[in-house]
Amino acid sequence: MSILEEISSELQTGNHEAVGRLTSQAIEDKVAVRSILDDGLIAGMSVVGGKFKKHQIFLPHVLLAARAMYAGMDLLKPLMIKNDIKTIGKVVIGSVKGDLHDIGKNLVGIMLKGAGFDVIDLGSDVLPEKFVETAKSENADAIGMSALLTTTMSGMKDVIDLMKTEGLYGKVKVVIGGAPVTKEFAEEIGADSYAFDGINAVETLKSFIGTK
Ligand code: B12
C-alpha cells in the first residue's frame, strides 16, 4: 500500500493519530501537498461519504473521519499558505445558516490565503446578516458561501436577497460552492459564480477581482 492509500485508509477508520503521523511522513518524503490532499485525505473522505450514504456507517464514524481529516489538513495548511504575499483582495467566507460542515469551506479558505487573498472566515452556521454586515464593514471584494446540505442551500439566496436590500449586490462578488451546489443553482439565485473546489475558487475570484 502506498503512503497515500494508507492515509486514505486510516482516515476511513477515523484514526486521527495515524493520519497525522502518515501525513508528516509524506511531507518529509516530499510527496506533493496536492497529492496528499487529493489522493490521501479527500479520497478517504469520499469513501466515508459513500458509505454514509448507503447507511453502511453512521454519524459518529463520520465525525471521527472528520477529526482525522483535520489532523492531516492542519499539517498541510502552513505549506499551502506562502508567507509575505501581497493581498490581492478580501473575501468573507462561511458555511450558511444551519450548515455545520466546514471541512470544504476551510480548504477553500486555505487555498485562497495561499493565493494571496485576505480571508475573513466567519465559520459555520452563519446568518445572512453576518455575511452582509462583515462584507460591508470590512469593505470586502467578495463573499464565498458553502453549503453541503440540500436543506441549507436556500440560505445562499437569503444572503443574496439581503445584499440586494443593503445595496451590496453587484458591488461585492458572490461565489458559492459545496457538494450539492451547481452552476445552474448559482445562476438561479443570482450568484456571480459557482466553484467546485479551492483551486477553481481562486481562479474565479482572481478573474473577478482583476477586472473590478
Ligand atoms: C464529514 C461530513 C459530516 C461531518 C462534518 C464535519 C465538519 N466539521 O465539517 C458531520 C458528522 C458533522 C456531518 C453532519 C451531518 N451530515 Co454530513 N457529511 C459529511 C461528508 C461525509 C463529507 C463532507 C466533507 O467534508 N467532504 C470533504 C470536503 C473536502 O469536500 P466538500 O465539503 O464537498 O468541499 C469541496 C467542494 O464542495 C468545494 N466547496 C465547499 N465549500 C465551498 C465554498 C466555496 C465558496 C467554494 C467556492 C467551494 C466550496 O471545495 C471543497 C474543496 O474541494 C458528506 C458526504 C459528501 N459526499 O459530501 C456528508 C453529507 C454532506 N452529510 C449529510 C448529512 C445528511 C448530514 C446530517 C444531516 C446527518 C444527520 N442525520 O445529522 C448532519 C448535518 C449537520 C449540519 N447541520 O450541518 C449528507 C447531505 C445530504 C443532502 N443532500 O443534503 C451527505 C452528502 C452524506 C450523504 N451522502 O448522505 N457530516
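Computed quantities for the displayed model
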read-out: Nearest-ten-degree value, helix 16-28 long axis tilted from longest Cα axis of the chain; value: 90 degrees
read-out: List PHE58, PHE208, ordered by accessible area with a 1.4 Å probe, largest first; value: PHE58, PHE208
read-out: Mean Cα-pair separation over length for the stretch 1-122, i.e. relative contact order, pairs under 8 Å, 6 or more apart, %; value: 26 percent
read-out: Dipole moment magnitude, nearest 20 debye, the stretch 73-131 about Cα centre, only Lys, Arg, Asp, Glu C-beta charged; value: 220 debye
read-out: Charged-residue dipole, Cβ positions (Lys, Arg, Asp, Glu), the chain about Cα centre, Debye nearest 20; value: 200 debye
read-out: Phi-based couplings in Hz for the stretch 193-206 (Karplus 6.51, -1.76, 1.60; Gly and Pro marked x); value: 7, 10, 10, 8, 7, x, 5, 4, 5, 4, 4, 4, 5, 4
read-out: Whole-Hz couplings from phi, Karplus 6.51/-1.76/1.60, listed for the stretch 48-65; x for Gly and Pro; value: 4, x, x, 5, 5, 4, 8, 6, 7, 9, 10, 3, x, 5, 5, 4, 5, 5
read-out: Angle in degrees between helix 3-12 and the longest Cα principal axis of the chain, rounded to the nearest 10; value: 70 degrees
read-out: Length-normalised contact order of the chain in % [C-alpha pairs under 8 Å, at least 6 apart]; value: 16 percent
read-out: Protection proxy ranking of 119-126, 169-176 - average other beta-carbon atoms within 10 Å, highest first; value: 169-176, 119-126
read-out: Charge dipole of the chain about the Cα centre (unit charges at C-beta), most positive-ward option of LEU168, SER193, VAL31; value: LEU168
read-out: Förster radius 41 Å - calculated FRET efficiency between GLU166 and LYS53, Cβ distance, rounded to 0.05; value: 0.60
read-out: Violating pairs (Cα-Cα greater than 18 angstrom) within the set LYS136/LYS164; LYS54/LYS157; LYS90/LYS164; LYS113/LYS164; value: LYS54/LYS157; LYS90/LYS164; LYS113/LYS164
read-out: Part-to-part distance (alpha-carbon centres) for the stretch 36-73 and the stretch 161-209, which is given in Å; value: 27 Å
read-out: Where GLU129, GLU184 fall by accessible area, highest first, once all protein chains stay in place (1.4 Å); value: GLU184, GLU129
read-out: The stretch 15-34 residues near the modelled LEU79 label - backbone nitrogen below 15 Å, point 7 Å along Cα→Cβ; value: 19-34
read-out: Estimated dipole of the stretch 30-88 in Debye, rounded to 20 [Cβ of Lys and Arg +1, of Asp and Glu -1, Cα centre]; value: 100 debye
read-out: Separation in nanometres of the label points that stand 7 Å from Cα toward Cβ, at THR87 and SER46; value: 3.6 nm
read-out: Built amide H within the under 5 Å cut-off of VAL126, gap 5+; value: SER95, VAL96, LYS97, GLY98, ASP99
read-out: Accessible area, probe 1.4 Å, largest first, for residues PHE52, PHE117; value: PHE52, PHE117
read-out: Taking only Cα atoms of the chain, radius of gyration then Dmax in Å; value: 17.5, 55
read-out: Computed accessible area, THR87, all protein chains, 1.4 angstrom probe, square angstrom; value: 90 Å²
read-out: Inter-label distance, nm, simple model (7 Å from Cα along the C-beta direction), GLU203/ASP29; value: 2.9 nm
read-out: Subset of LYS51/LYS105; LYS51/LYS173; LYS130/LYS173 violating a 28 Å alpha-carbon distance limit; value: LYS51/LYS173
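The values are calculated or read from the model by the stated rules, or taken from the named source; none is laboratory data. If you're wondering where the values come from, they're calculated on a predicted model, not measured in any experiment. A quick note on method: Cβ atoms are made from the backbone with ideal geometry, for glycine too, and the neighbour counts reach across all protein chains shown. With ligands, DNA and RNA removed, areas are computed over all heavy atoms of the protein, side chains included. Shrake-Rupley method; radii C 1.70, N 1.55, O 1.52, S 1.80 Å.
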